[in-house]
Amino acid sequence: MEKLIILCPPGAFSKRDYDRFGIEFLKKNFSLKILNFTAWIYPELLKDKSNITYQCEEHISISCKDDFLAFDTEKDSLIVLDCFGQSKKINWVREQLRKRNSFFVSPDLNLLPLTKKNIFHFLRYLINFNVPPKKIFKFFQKRYYNLKKAQLPDILFAGGLASSKNSRIKEKISGHSMDYDVYLKLKDKPENKTANYAVFLDEDLVSHPDYIFNIDFGPPLSQFQYYSILLKFLKKFEMETNLKVKFAIHPKSRNNNLKNLLQDFDYSIGDTAELVKNSNVVLLHASTSISYAILFKKPAIFLTSQKLKKSWIGPRINYLAKIINSKVLNMDDDLNNSLNPQLLLKIDEHKYKNYLDQYLKTPNSPDLPLWEIFTKYIKSKQFVK
C-alpha cells in the first residue's frame, strides 16, 4: 500500500479538517500519516484553548526538528499532499522528504478571485495599521523563501480553471473545491420552501487566526467598530425586507464574545452550506463560502462601509461582486433607496456558471467525491513503487 503523508494547514487539526480531507476514505487506500507542524512553526495558533485538536491515530504533532527526524527514519518513497504554505522550516522539511524520492501534490482547491496586490496597497496597510517591524521582517522573509527556496510540486490538484497555470507543473489532477464536496452531499436533498430568511456569511474579520502568520492583511476594524455597524445594518435589513437574518459563524472563529453580540440573531456554526441552500438571499463581504451561493444559485449581496473600503478587504469586496455581477451595499448608507425587491431575486446565470468553472469545479472533471478523484489518479499512475 502506498504511503501518503499530509502536511496539514497551520492550526489545530479539527474534526472539520478530518472530514474535508476525506481521512476516513484515504486511510482505507493508503498507509496514511498527517503531520502537523503548527506547534513548531506557529505555536501562537495553539494558545487559544478553544482550538482543540481532533484525536485520530494518523495525526502526529511535530513540535521541533528532532520530532520530525524521529519520524523521518525510513527511506522509502512517499506521496506528499502538501497543504502547509511557505516558511523556512517547512521548506527544510520538504528538502528532507524529497531525498526519499517523494512525489509532492499541491492542492489548489479553495479558490477565490483576488485583486492583484501592489506595493502601494501594501504600504497603505503598513501605515494604517502600524504593523510592527518584526512582522514586516517575517513578511519579507516569507516572500524570499517563496521565490528562492520553494520547489514546484510534481502534481497540481486543481479545483478550477483559475488554479495555477504554471506550465512547468507537468502533472495535473482535474478536481473541484472542498465546498463542492459538501454540495454533492446536499444537492439532492429537498429544499425547505417554507424558510424565509437571509444568511450572513461570517468571516471572523476582527480575530481570524490567519492574521497570525499573514503580514499582508490584518483586522480591518476593531471589534467595536465592526460589530457596531454590521449589527445595526442587519437589523435595518430585516426591517426593510421582512427577512430574518441568520448568522453563519466562521468555523475558525476565535471571538469568544461573538455569541453575546448576536443575542438578537439566530446563529450557528458548522452548517453554512445548509443555511445557504434554504435561504432567500446571501449577505457577505468576501467569504470563500460565496461558493455555496453559486452552487445553490442564490442571490448574493456584498456589504462594505467607508472604513472597510479603505482597508485591504475593500477592493476584494468590489472585485468579487463584479465577478458575479452582484450588488454592493454600503452599510453606512440609508437602505430605503437601495433595496429594490428584484435585487433579492436576481442572479446572473452566465456569471455564476463562469465562477463555477473558474473557482469551484474544473469543467469535465468527474462528479465524484474529491478524495476518490485523487486516489484514482494516484493509483493509476503508480508513482510510488
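Every read-out reported here was derived from the displayed coordinates using simple, explicitly stated rules and does not represent laboratory data. Bear in mind the structure is a predicted one, so any value in this text is a computation, not a measurement. Heads up, the Cβs are rebuilt from the backbone with ideal geometry, glycines too, and the neighbour counts pull from every protein chain shown.
Table for the structure above
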read-out	value
Taking segment 182-359 and dividing mean pair separation by its residue count, relative contact order in percent (alpha carbons under 8 Å, at least six apart)	24 percent
Within segment 1-56, chymotrypsin sites (Phe, Trp or Tyr not before Pro) in DSSP loop having at most 16 other beta-carbon neighbours inside 10 Å	Tyr54
12 Å cut-off, amide nitrogen to a point 7 angstrom out along Asp76 Cα→Cβ, residues in segment 1-38	1-4, 31-32
Per-residue Cβ neighbour rank within 10 angstrom, fewest leading, Cys56, Cys83	Cys56, Cys83
Stretchable slack from Asp367 to Asp271, in nm (0.36 nm times residue separation minus alpha-carbon distance)	32.3 nm
Length gained when the stretch Gln263-Lys232 is fully extended (0.36 nm per residue, less Cα-Cα span)	9.9 nm
Rg and Dmax [Cα atoms of segment 1-56; Å; Rg one decimal, Dmax integer]	12.1, 38
Separation in nanometres of the label points that stand 7 Å from Cα toward Cβ, at Lys193 and Cys64	6.4 nm
Over segment 182-359, equivalent-ellipsoid semi-axes from the Cα gyration tensor in Å	23, 19, 18
Filtered trypsin sites (Lys or Arg not before Pro), segment 1-50: DSSP coil and at most 13 other beta carbons within 10 Å	Lys47, Lys49
Residues Trp92, Trp312 arranged by fewest to most Cβ contacts within 10 Å	Trp92, Trp312
Charge dipole (segment 182-359, unit charges on Cβ, about Cα centre) - positive-most of Ser291, Tyr227, Met239	Ser291
Spacing of the two label points (7 Å from each Cα toward its C-beta) at Arg16 and Ser31, in nm	3.3 nm
Distance between modelled label sites at Lys353 and Gln382, nm, 7 Å Cα→Cβ extension	4.1 nm
